[in-house]
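The values are calculated or read from the model by the stated rules, or taken from the named source; none is laboratory data. Since we're looking at a predicted model, the values are computed, not measured. Cβ placement follows ideal geometry from the backbone for every residue including glycine, while neighbour counts extend to all protein chains displayed.
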Amino acid sequence: MADDSHELTLYVQSKKAVTTFFRPPAQAVAQGTPEATMAAVGRVESGSSSMGDAVGGNPVFFLSDDQARCQALVEEVAAQRGYGLKVVDIEKVGRLERLVTEHLRGVQRFPVLISPLGQRLQGVEAFTEDALAAIMPADLKSVRAFTYIKVRGGDLDKIKRLLETLPEVKELHFLTGDWDILVVLDFEPSAANKRRVLDFVTERIRGIPEVLDTSTIVPEYTLTKFPL
């Protein structure tokens with residue numbers, strides 16, 4: 001279960017449904033007479049029955065497709081990154097609670113997502129996977145390492161192509177200075193530890209003829225704001 005540091009709140013704003021659909025009261029249906037049913041319909045058409053009666057006494061609310069899409073995206077990303085999510089429909093909780101909610105002061109557009117640190121996303125256009133990942137930092141489940149490579153003069157495109165063929169190589173950054181390339185490596189946690197990472201570097205990367213030297217950093221702990 002997520003603790004308070006991993007708990008988000010999503011505020012949405014629904015609308016009360018307006019419908020002309022009418023379901024006759026159970027008593028009229030039970031009587032089974034056309035006259036009783038028509039009399040009930042007549043009361044609705046003449047305005048003597050409330051909308052609550054027409055929908056069985058329970059208000060009907062609906063969420064716009066834009067807000068529903070945002071909610072689905074937040075739920076998906078939160079589940080992936082180990083966050084809990086509370087969804088609050090401000091049309092159902094009452095005006096007083098809305099006014100005293102600090103995070104909603106000045107809000108003009110919904111939905112609104114509040115992170116554990118008080119960061120806020122407001123309006124449907126703000127709800128992107130990158131933006132959600134940024135306010136939900138997550139422990140990286142894989143083992144990541146960073147290898148600096150020095151190469152002898154030659155065909156950098158060839159070295160680039162060779163490195164690209166290695167599944168563990170996720171990023172390549174070409175540098176100026178003491179090192180020529182920075183490689184970001186990624187390993188499944190069940191198949192990697194520091195020694196195995198270094199074995200991979202010495203055997204696979206140092207095995208490329210154009211590679212002269214390497215230096216590898218294996219972090220003890222990694223937190224990411226990138227999409228998983």
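May I ask you to list the residues in the stretch 118-148 that are in contact with an Asp or Glu (Cβ under 6 Å, 6 or more places away or on another chain) and under 28 Å from residue 175 (Cα atoms)? If you could, list the steps in order and put the result at the bottom.
Here is the first cut: in the stretch 118-148, the residues in contact with an Asp or Glu (Cβ under 6 Å, 6 or more places away or on another chain) are 124, 142, 144.
142, 144 - these are the residues of the stretch 118-148 that are in contact with an Asp or Glu (Cβ under 6 Å, 6 or more places away or on another chain) and under 28 Å from residue 175 (Cα atoms).
Summed over the stretch 199-221, residues that are under 29 Å from residue 80 (Cα atoms) and either surrounded by fewer than 15 Cβ atoms within 10 Å (Cβ to Cβ) or not assigned by TED's automatic domain parsing to the domain that holds residue 178 (or both) total 4.
Residue by residue through the stretch 171-206, note down the ones that are of a type in the set (Gly, Ala, Ser) and in contact (Cβ under 8 Å) with a residue 24 or more places away in the chain.
192
Among all residues of the stretch 155-162, there is at least one that is part of a loop (DSSP other than H, G, I, E, B), more than 22 Å from residue 82 (Cβ to Cβ) and either without any contact (Cβ under 8 Å) to a residue 60 or more places away in the chain or not charged (D, E, K, R) (or both).
Can you name every residue in the stretch 207-228 that is under 21 Å from residue 153 (Cα atoms), free of Cβ contacts under 8 Å to residues at least 60 places away in the same chain and among the acidic types (Asp, Glu)? Selection gives 210 alone. Residues in the stretch 126-154 that are free of Cβ contacts under 8 Å to residues at least 12 places away in the same chain and closer than 27 Å to residue 209 by Cβ: 153 alone. Right, residue 168: in contact with a strand residue (DSSP E or B) (Cβ under 6 Å, 6 or more places away or on another chain) and closer than 23 Å to residue 139 by Cα or not? For residue 168, the condition - in contact with a strand residue (DSSP E or B) (Cβ under 6 Å, 6 or more places away or on another chain) and closer than 23 Å to residue 139 by Cα - is met.
Would you mind listing the strands (runs of 3 or more DSSP E) fully within the stretch 43-136 where at least 3 residues are surrounded by 12 or more Cβ atoms within 10 Å (Cβ to Cβ), at pLDDT below 95 and in contact with a helix residue (DSSP H, G or I) (Cβ under 7 Å, 6 or more places away or on another chain)?
Working: elements: 84-89, 112-114, 120-122.
Ranges flagged: none.
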